[in-house]
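Report on the following structure.
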Amino acid sequence: MADGVKPRVKAPKKAAAGDVVTLKTLISHKMESGQRKDKDGNLIPRSIINRFTCAFNGKSIVDVTLEAAISTNPYFEFEATIPEAGDLEFTWYDDDGSVYEDKKSVAIG
Amino acid sequence: MNFKTMSLISAVALALPTLGMADADDDTLVINEEIKIVTKAPAPAHLDGALDEVISGWHFRADGTQAMEMDDFDNPGMLAVETGEELWNTVEGSEDKSCASCHGDSASMAGVKAVYPKWNDAAEEVYTIQMQVNDCRENRMGAEPWKTDKGGSIPMEALLASVSRGMPVNVAIDGPAQATWEHGKELYYTRTGQLDLSCASCHEDNYGNMIRADHLSQGQINGFPTYRLKNAKLNGAHSRFKGCIRDTRAETYSPGSPEFVALELYVASRGNGLSVEGPSVRN
């Protein structure tokens, strides 16, 4: 696991059924592109988040492929319709195989 | 719309652009819909004849950059504040203490950042907040000091700034600190480098104008440490001074040097009256 990786999500705790809500996510990650060289001229191996997904009660909302040119601490903001009470599941996939997860419950009311 | 109002509007439209697109805008900064930030204030008395109003660098940035600072979730500098909070509670050194052991909650430090750099009686010199943190680390915790703008210095300064946000910068320039302040003022107005520029050449005489593709602000440091989009990390004031002096094509002082401590005191005093804003977001 890369150092200092911590996912963060901002989602409303409550929504009316059928509401469109804004979701914000950020994961601290250095997003090493694999293009840079260290002091001795050796390539620094690529280490990025290569995929991000968000699902609501198991149903996909977004599924994003990230490439090496995306800068450090990738941030996503998107909207989703909340039809019923349930859980938002956020997943980040690291190059090194690590998977970071966060979950936010949304109540109807 | 008749011809007369049309020509009036076009006259206004013609007059405005001559002020330049780089001027400070009139937006207001409220962080988390809660913390009101004073980003424009009457200039402190010692700036009589130099500036009428002091303006935070926030006003010189594009709307998108400005928005990043208005919500902690969107502000990448807050990642460092979280790191700072961890450091605050980390026990280090021979005395088995963390910052929290003596000071309690980090929120109890509200207002501290606003008065630094500040004269330290025991050391008989002006301390930046990073020096004060190191003083604590060495003498109370028995821990290794951090280098200026390196290691834990920046996250800790970011934490201390964040709990003081919204409070007015109010550094003392008289009393024992006066000599250091005078030194800082002299440095501010001294032209350096092959380009023969002083701090004032850009940040006093030409703020609101463009320097190549970028907007010149007043160079206020109330928002430091500052998250810069160009290098995607938090930057300390001394590192920024170094960057500026390097850009005049001069040999620079080092971060943490007595010259930069004096300059930090002087530049901070030019922002007396603005709110502490760090960690801010800039280009």
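Here are a few things to note about the model shown:
- Cβ-based charge dipole, region B:36-100, positive-most Cα from B:TRP58, B:PRO44, B:VAL81: B:PRO44
- q = 0.22 Å⁻¹: log10 I(q)/I(0) that the Debye formula gives for region B:96-149, counting C-alpha atoms only: -0.96
- Other protein chain C-beta atoms within 10 Å of residue C-beta, averaged over B:75-87: 2.
- Over every Cα atom in region B:145-283, the radius of gyration and the widest Cα-Cα span, Dmax, amount to 14.6, 42 Å.
- The slack in the chain from B:ASP48 to B:ARG246, taken as 0.36 nm per residue of separation less the alpha-carbon distance, amounts to 68.4 nm.
- Across the protein assembly as shown, counting alpha-carbon atoms alone, Rg and Dmax equal 23.7, 81 Å.
- log₁₀ of I(q)/I(0) at q = 0.11, 0.12, 0.13, 0.16 Å⁻¹ - chain B, Debye sum with one point per alpha carbon: -0.64, -0.75, -0.88, -1.31
- Across B:LYS36/B:LYS233; A:LYS37/B:LYS233; A:LYS10/B:LYS36; B:LYS97/B:LYS230; A:LYS37/B:LYS230; A:LYS39/B:LYS233, pairs whose alpha-carbon gap is larger than 28 Å: B:LYS97/B:LYS230
- Gyration tensor (alpha-carbon) shape descriptor, region B:190-272, a/c threshold 1.5: rounded
- Computed over protein heavy atoms with a 1.4 Å probe, the accessible surface of the protein assembly as shown works out to 51 Å² per residue.
- For region B:104-135, backbone nitrogen atoms closer than 18 Å to the point 7 Å from B:SER94 Cα along Cα-to-C-beta are found at B:134-135.
- Once the gyration tensor of the Cα atoms in chain A is diagonalised, the equivalent ellipsoid follows with semi-axes of 33, 11, 11 Å, ordered largest first.
- Accessible area per residue (1.4 Å probe, heavy atoms of protein chains only) ranks A:LYS13, A:LYS30, B:LYS242, B:LYS113 as A:LYS13, A:LYS30, B:LYS242, B:LYS113, with the largest value leading.
The values are calculated or read from the model by the stated rules, or taken from the named source; none is laboratory data. Please read all numbers here as calculations on a predicted model, not as lab measurements. Virtual Cβ from ideal backbone geometry, glycine too; neighbours counted across all protein chains shown. Just so you know, the surface numbers come from the protein's heavy atoms only, side chains and all, with ligands and any DNA or RNA stripped out. Shrake-Rupley method; radii C 1.70, N 1.55, O 1.52, S 1.80 Å.
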